[in-house]
Amino acid sequence: MIGKKFMSMASKSVVFWLLSAATFHVGADSFTVGEVTVTRGEQSSGFIMIPDGIDEGSRIPVTVSHGASDGPVLALIAGIHGYEYPPITALQALRGKVDPAALSGTIVMVHIANMPSFLGRTIYYSPADGKNLNRMFPGDPNGSISQRIAHFLTTEVIDQADYLVDLHGGDGNEALRPYVYMPVTGDASFDARTEGLALAFGLDHIVIDTGPQSASGASLFTDQTALVRGIPAITTETGQLGSNDSYWVELAERGVWNVLRHLDMITEDEVVNTGVTWLSEYKVIKSPQSGIFRAFTRDGYVVSEGAVLGVLADFFGNELATIRAPFSGIVNYVISTPPVNEGEPVAMISKIADLDHCFSKRLQEPCRYR
Ligand SMILES: [Zn+2]
């Protein structure tokens, strides 16, 4: 963990390293994230400060729980999208319950990654620069605020992690049935570690994500940024439509605790996930125009190819387009508040994976949870 940090710094200027070295963790007995340095067996909270740049700076509240015993570094990131509240509340609950004296390894909790979006109550985009933080990775220290937040999350949090869980939910406009994105790289032993995280989180729908692997170019997404650094990562979705109901919060918190069990960071047996429906070939259906969307389906519904998902109308109520399911599958989420902009999602649909698509079978193992 220390090595990773110092290697990344070594690629920058020696002068900067010499000036800055004192502020980074300098031994296994302490661990530093942003302004927070914590010794073994302790937990501390503070901020990663994002300095002013071409626009106003920000700050990211973090808690580091540095276990008394050796173990992996688990990064938990909430609030990449500021309107997705349950994971934020779940990590606050976790902070109050973790006992670092009984912990093996280190937990880095990012409580609210995107403070401008959180305080500005915006979906998808930052009110400060109009950018989607989850498309800005690995970030740019000289860019606008979303790019700088991504940069500091990459260098301060992701570069120090051995595992990453990026906690999301349906955004303020999305009715969503809970699921996990499990990214697949094609490296069987690496993917097995990611699968372990995905199963441990405990949700009963897992989307096999063979999407952007970012072999070249920007990693864009939080989880992809971890993957290209050799760090297993999943993205979890619990919550919808701006609700902070305890049902959603508990799904997220329960998932995190079970990941801690799975990684042997706490001395409790992992709760086995016995009911997974594997999903594949997901498609996000985008709105062809700006207007008003009226959903005809709901999150979690099973739909046939061609089924009407909703109708897009203009601002007088005249129908512009009928949005249909491109194939038979499950509705992961559907937009359930009226406004949509051209090119934005109206729904996400996944196919139920058959045996040929079963991820565990691809790893030459029995398909355990089907
Ligand atoms: Zn999100």
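The values are calculated or read from the model by the stated rules, or taken from the named source; none is laboratory data. Here the structure is a predicted model, which means the values were calculated and not measured. Cβ atoms come from the backbone with ideal geometry, glycine included; neighbour counts cover every protein chain shown.
Please work out which one of (1) surrounded by fewer than 13 Cβ atoms within 10 Å (Cβ to Cβ); (2) in a loop (DSSP other than H, G, I, E, B); (3) in the same structural domain as residue 70 (by TED's automatic domain parsing) is the condition residue 247 fails and give its number.
(2)
Output the number of residues of the range 147-169 satisfying the condition of being more than 16 Å from the ligand (Cβ to nearest atom), in a helix (DSSP H, G or I) and not basic (Lys, Arg). Steps first, answer last, please.
Quick first cut of the range 147-169, residues more than 16 Å from the ligand (Cβ to nearest atom) only: 147-148, 151-152, 154-163.
This time we only want the ones that are in a helix (DSSP H, G or I), so: 147-148, 151-152, 154-160.
Now narrow it down to the ones that are not basic (Lys, Arg): 147, 151-152, 154-160.
Result for the range 147-169: 10.
Considering each of 297, 322, 274 in turn, give the residue that is hydroxyl-bearing (Ser, Thr, Tyr) and touching a residue at least 60 places away in the same chain (Cβ under 8 Å).
Working: 297 fails: touching a residue at least 60 places away in the same chain (Cβ under 8 Å); 322 fails: touching a residue at least 60 places away in the same chain (Cβ under 8 Å).
The unique qualifying residue is 274.
Of the residues 230, 239, only one is touching a helix residue (DSSP H, G or I) at 6+ places or on another chain (Cβ under 6 Å) and not in a strand (DSSP E or B); which?
Working: 230 fails: touching a helix residue (DSSP H, G or I) at 6+ places or on another chain (Cβ under 6 Å).
Answer to the selection: 239.
Tell me which residues, restricted to the range 119-148, are hydrophobic (A, V, I, L, M, F, W, C) and surrounded by fewer than 22 Cβ atoms within 10 Å (Cβ to Cβ). Please lay out each step first, then the result.
Start the filter on the range 119-148 by keeping residues that are hydrophobic (A, V, I, L, M, F, W, C), which leaves 119, 123, 128, 133, 136-137, 145.
Passing the criteria: 119, 123, 128.
Kindly provide the set of residues from the range 86-120 that are assigned to a helix (DSSP H, G or I), in contact with an Asp or Glu (Cβ under 7 Å, 6 or more places away or on another chain) and more than 16 Å from the ligand (Cβ to nearest atom), ordered by number. Break it down stepwise before answering.
At the first step, the residues of the range 86-120 found to be assigned to a helix (DSSP H, G or I) are 86-97, 100-102, 115-120.
Filter again for in contact with an Asp or Glu (Cβ under 7 Å, 6 or more places away or on another chain), leaving 90, 93-94, 100.
Passing the criteria: 93, 94, 100.
Can you tell me how many residues within the range 66-85 are surrounded by 24 or more Cβ atoms within 10 Å (Cβ to Cβ) and within 16 Å of the ligand (Cβ to nearest atom)?
So the count comes out to 8.
Considering (1) assigned to a helix (DSSP H, G or I); (2) in contact with a strand residue (DSSP E or B) (Cβ under 8 Å, 6 or more places away or on another chain), say which one residue 208 fails and leave the rest.
(1)
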